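What follows is one structure encoded as structure tokens, with my remarks underneath.
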Amino acid sequence: MAEKNEVKKEENKKDEPKKQGLLSKLREATDDKEEQMMILSTFVRLGILVWSGAILTLAYVDLPEAFKMPKQDLDPTFIASVFTGVLATFGVQTSKKGATSGGGGVSKSDMEKLIAAASQTAPAQTIRIEQAPVKITPDTK
């Protein structure tokens, strides 16, 4: 009788689906390794964003005395740079008040005027090559 119960338990274990972790669910959802890495990197960036946002908030908020935590005197500059850097990876850009565009306060029309003035004073083109060595030889026909 005990042997039958053990056999039934083993059969029930085989029928039950195994619990999966987050990574195994991710592997199952997408087959492409590149897409899996993109999803994982998004979760990592979200984690860093939440962490830096919480630390940045704690730098400016006084906690109630019930928490019995001493006031933290920290410089939030580094955490703020991490926060804005992670926000930038999601396409969110911060700007100062009074700035009309994301180009440092230079409008499109101002940029066009600068390009036109530069092309008249020095009609040359600069080419930047980031792969060495490069040989430039004249064409002899």
Residues in region 16-61 that are modelled with pLDDT under 80 and of a type in the set (Ser, Thr, Tyr): how many? 2
Are any residues in region 68-91 in contact (Cβ under 8 Å) with a residue 40 or more places away in the chain and not in a helix (DSSP H, G or I), and if so, which ones? 90
Of the residues 140, 84, 89, 94, which is at pLDDT below 75, β-branched (Val, Ile, Thr) and either closer than 28 Å to residue 59 by Cβ or over 20 Å from the mean Cα position of the chain (by Cα) (or both)? 94
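The values are calculated or read from the model by the stated rules, or taken from the named source; none is laboratory data. Quantities reported herein were computed from a predicted structural model and do not represent experimental measurements. Note that we place each Cβ from the backbone using ideal geometry, even for glycine, and neighbour counts take in every protein chain shown.
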